[in-house]
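Below: one structure, written as structure tokens.
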Amino acid sequence: MSRRDERRRRIEGAFEEFRAAVAAALGNASREHRLLADERARDMFEVMLRGDGVDRALDDPLLAGALANPLFSQQLARALVDRVEAFREWSEHGPDELATLVDSAARGPASRPHESWLGRPGTADGSEPVPELWRVGTGVVRSAPEPRRFPVAVPLLDHAHLHVASTHESRHTAEGLVENLLLRVLSHFQPGLVHVHVWDVNALTGSLPGLYPLTRAGLLTVHDPARLHELLDELSDHIRRVHTGVLVEGHQSVRAAGGRRTEPWRVAVLFGNRRPLREEHQQQLQRVARNGLAAGIELVIVDIPITVNSPIETVTIAPDQTATCTMTGAHVTVALDPPFPRAAVPRACAAIADEREARRTRQSTFADLLPEHLWRESSAAGVAAPVGYQDGEPVPVALGDTSPHALIGGPSGSGKTNFLYAMLGSLAARYSPDELELYLLDFKEGVSFAQFAPGRKDPTWLPHARLVGVNVNTDREFGVALLAFLSDEMRRRADAAKRHEVTKLEQLREEDPTGHWPRIVAVIDEFQYMFGERDPVTAQATQLLEDVARRGRSQGIHLVLSSQDVSSIQAFWGRSAIFEQFTVRIALPKSRRVLADMNDAATELPRWHAVVNHESGVRPGNEVARIPDATARGTIDALQAELHRRRPPDLAEPILFDGSKVPALATLPDFRALRPSDGNPTVLLGQVIDVAGSAAKVRLARTPGRNVAVLGSIAAEAAAVLNGAALSLARQHEPGEATFSVVWLVEDAKPFAERLCKQLHDVGHEAFLKDLNDVQQLITGTAVGISGRMTDKTPAPPVPHYLVVYGVDAAHTLLEQKDESKTSGVDRLRTVLRHGPEHRTHVLGWWRGVQRLKNSLSPGAYDDIGAWVAFDIQGKELLSLGPEPVLSWSPRPRRGLFFDRFEHSRPEVVIPFDTGEEP
Ligand SMILES: Nc1ncnc2c1ncn2[C@@H]1O[C@H](COP(=O)(O)OP(=O)(O)OP(=O)(O)O)[C@@H](O)[C@H]1O
């Protein structure tokens, strides 16, 4: 081998070595690199797997290779285990919990299989909670490791509208879904409680054919494709009417008003073609959607792109007929229930229509007005109750802040009293006496409200009644008294509200939850009597009526005025401030002027019907109702018996004001409250006309003028006042502490005087019966005694002395005679009248007329008679003794006019007492 070859071989060898060394080095690096790359690929795979979710990864074709690669099998296995773990809670409990939830929130036809209800009309009357959910199909969580099925249901009526979006391929599934839902709803409630409207942009007929039998019962209306505006107008009108009629302020929806539902639901189904509606329709539909739920309007919008600003549930149906809905979210695939059997649907609808017709033609009774459960409603926001029915639907009357007062008109015999009974019964059954108080006054000759107070035949009474006035037709003052009472109560409530820094009763009730703040409904039947004359009573009544009508609404005080003929009531129509407040108008057949001028609905009204209008009588507010018989036996009387039985044990009986009754002195609270005392005694002269039934009082102070005169020709009337006065004085003195001189100067009065003496003796007092023979001596003796005390510098304390004199004027001739000191009896009487009161000597005298009083006393002496009660004397005769308002007084049987110069600016009417057994 040459040296050259040798070197080459060595070089090559060295290179070989180098290459081997380099190769070895490079081989190491590449292995390292491969390992690193594998690790990184595994990490990235895991990130992808978990980031997008195992399910999506499993379905992703781009990842198919990676998923099959054994390199990643560990990561895949770990992610699958974790997924099962994550779903464990859901898989074990979720579907079952959902099933239970749907079961409880969607009772009966709302979720049960159709076999158990389809074809049987529903019974729910809306007073029970309405199902919150309605079943549409079965759902499954696509990604769950073990796909378990659960029922899917959506909220409807009162809770949410429904939007269904389908494709051309799935439209028939959408129609099936809508039909199923409508059948569930229609079959849950009593026929008539749900009305369906259908509008289809593409078809006059054709959509939802299975429901057509409902048309004949008026439960399905199919609208012309070209007339969507008519349907939308109808729905808008309905919302407005419900808002003014049934939704008294604060009632959030029709479901709150009056227990049993008073308004049917209206379900409007609109089928579109996936193109937007015209702009104006779009806007109107949005308005209906916004305000409809509270008014009982449910929109089912199919394939109309629209956004609405109110709760709405969306079901989206894919071309493969699977659906998703907003209720369950994007991960749940819903298999919608198949349509109910073709033949069964029209049969079921026919059954509903038949039942509805049967209900409509059936005469509704008083019992139908009553709720299933008594006394469940709250009057915080107002009161509402059905008063009758129209086509089987209840027609309510609502009184609240927005419809504060009601005016009822109807000629005699048209059923006004019956209407009032129906209304009062329906209200009293819903609201407990703690929620509602009734003040009932009847100016009719009859005694229509008497039955609400305890009577001899029927001792039960209506627990809500706080006052019942009957036979008040001649006492218009009682109307004034009631209005004055309401006005005072209104002020009391306003003050309480102010203290709590609120303005309305509803807020006051919230602020003062333990307070007793019921709504007050005051009914005045034949109220026009109050305004019958041009006199101070009418003036006062008008002023008070205006006060209560304007300000009662926010204090929960509501007036219901009824009359045979309201057309001529000046106080009413002449004062817009009054009648504008009477937004509820109820017109019975042939009534005039109760409704607005152009609204003649009452003329056509059949017997026993009423137009109920909550919009001040304008035509669109008309609702016609047939009023059931509420007067027959077993109606209002039976309800009253039941309510009476349930009354709270400490509830007082209503005050009964019976104009034909004579108040008994002995039982009068004001009389029983009298006790001996050191102060000035008070005489009770009769009962004034007020809500409390209080007595007319005169305080016998030790000042001039504290004598009392009775003026009139009838001894019995005079005696009722004088004896009542004397007996009330007797209660205020210990026996023997006062002297009573009882003098009869006319024969008619003798028995009354004798009886008074006996009654005074019976209670331990000294009473001296005197007559014409003794009168001169009595007057002289008394006058001399008084004069003596006046000159005496240190007189003994005076002994109270009451001279009860019947027929003072009869002694005039006798008293005109002068005695040895040249002083006449008339002068002595004057001394007694003038100076007696300061020395506790008071005259309670009867003069048989104003002229006789004037004749028997010198002119200045009239001033010494500070208080008087006049009976059969015309007002103008009394003008010399009292203020100008006496002029309007015309005497009436068993009523006196009372005036106390020290206390009154105007006289008051009094009812004389029954002071004990007749003589
Ligand atoms: N809805 C009704 N269904 C059956 N009978 C009725 C109905 N309404 C009233 N009646 C009967 O008609 C008669 C007259 O009714 P109601 O006394 O209510 O009339 P009114 O308008 O108050 O008459 P008036 O002013 O003369 O008393 C009564 O006998 C009553 O029972």
Going through the stretch 568-601 one residue at a time, which ones are among the small types (Gly, Ala, Ser) and either in contact (Cβ under 8 Å) with a residue 40 or more places away in the chain or not assigned by TED's automatic domain parsing to the domain that holds ILE408 (or both)? SER568, ALA571, ALA587, SER591
Scanning the stretch 405-452 for residues that are more than 12 Å from the ligand (Cβ to nearest atom) and more than 22 Å from the chain's Cα centre (by Cα), which turns out surrounded by the fewest Cβ atoms within 10 Å (Cβ to Cβ)? ALA450
Exactly one of GLY192, GLY218 is under 22 Å from GLU355 (Cα atoms), surrounded by 16 or more Cβ atoms within 10 Å (Cβ to Cβ) and touching an Asp or Glu at 6+ places or on another chain (Cβ under 8 Å), and that residue is GLY192
Any residue that is in contact with a Leu (Cβ under 8 Å, 6 or more places away or on another chain), buried (at least 22 other Cβ atoms within 10 Å of the Cβ) and under 30 Å from VAL763 (Cα atoms) - is there at least one of those in the stretch 849-856? no
How about the stretch 310-350: which of its residues are of a type in the set (Gly, Ala, Ser), over 44 Å from the mean Cα position of the chain (by Cα) and part of a loop (DSSP other than H, G, I, E, B)? ALA318, ALA343
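The rows are residues; the columns are (1) more than 16 Å from the ligand (Cβ to nearest atom); (2) modelled with pLDDT of 95 or more; (3) within 26 Å of GLN759 (Cβ to Cβ).
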{"residue": "ALA652", "(1), (2), (3)": "yes, no, no"}
{"residue": "SER694", "(1), (2), (3)": "yes, no, yes"}
{"residue": "GLY705", "(1), (2), (3)": "yes, no, no"}
{"residue": "VAL708", "(1), (2), (3)": "yes, yes, yes"}
Can you tell me which residue in the stretch 385-431 is nearest to THR635 (Cα to Cα), limited to those that are in contact with an Asp or Glu (Cβ under 8 Å, 6 or more places away or on another chain) and assigned to a helix (DSSP H, G or I)? ASN418
With the condition kept exactly as written, say whether any residue in the stretch 565-572 is more than 13 Å from the ligand (Cβ to nearest atom), polar (S, T, N, Q), surrounded by fewer than 22 Cβ atoms within 10 Å (Cβ to Cβ) and within 30 Å of HIS516 (Cα to Cα). no
I want to confirm something. Restricting to the stretch 874-908 and keeping residues that are of a type in the set (A, V, I, L, M, F, W, C), buried (at least 17 other Cβ atoms within 10 Å of the Cβ) and at pLDDT below 95, which single residue is nearest to SER858 (Cα to Cα)? LEU881
Condition test on PRO649, is it assigned by TED's automatic domain parsing to the domain that holds PRO454 and surrounded by fewer than 22 Cβ atoms within 10 Å (Cβ to Cβ)? yes
Yes or no: the stretch 266-278 includes at least one residue that is touching a helix residue (DSSP H, G or I) at 6+ places or on another chain (Cβ under 9 Å), more than 25 Å from LEU183 (Cα to Cα) and either buried (at least 16 other Cβ atoms within 10 Å of the Cβ) or touching a residue at least 60 places away in the same chain (Cβ under 8 Å) (or both). yes
Across the stretch 626-646, the tally of residues that are within 16 Å of the ligand (Cβ to nearest atom), of a type outside the set (Gly, Ala, Ser) and loosely packed, with under 13 Cβ neighbours inside 10 Å stands at 1
Taking only the stretch 585-624 into account, find how many residues are in a strand (DSSP E or B), near the ligand (Cβ under 10 Å from one of its atoms) and among the aliphatic types (A, V, I, L, M). 1
From the options GLY866, GLY896, residue that is closer than 18 Å to VAL537 by Cβ and touching a Pro at 6+ places or on another chain (Cβ under 9 Å): GLY896
Can you find even one residue in the stretch 348-361 that is buried (at least 18 other Cβ atoms within 10 Å of the Cβ) and over 24 Å from TYR212 (Cβ atoms)? no
Which residue, of ALA638, ALA602, ALA632, ALA625, is closer than 30 Å to SER591 by Cβ and at pLDDT 95 or above? ALA638
Could you list, in sequence order, all residues of the stretch 841-873 that are at pLDDT 95 or above and farther than 18 Å from PHE899 by Cβ? THR841, ARG848
(1) of a type in the set (Asp, Glu); (2) in the same structural domain as THR167 (by TED's automatic domain parsing); (3) in a loop (DSSP other than H, G, I, E, B): which one isn't true of GLU377, the others all being true? (2)
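The values are calculated or read from the model by the stated rules, or taken from the named source; none is laboratory data. Because the structure is a prediction, the values reported are computed rather than measured. Reconstructed Cβ throughout: ideal geometry from the backbone, glycine too, with neighbour counts over all protein chains shown.
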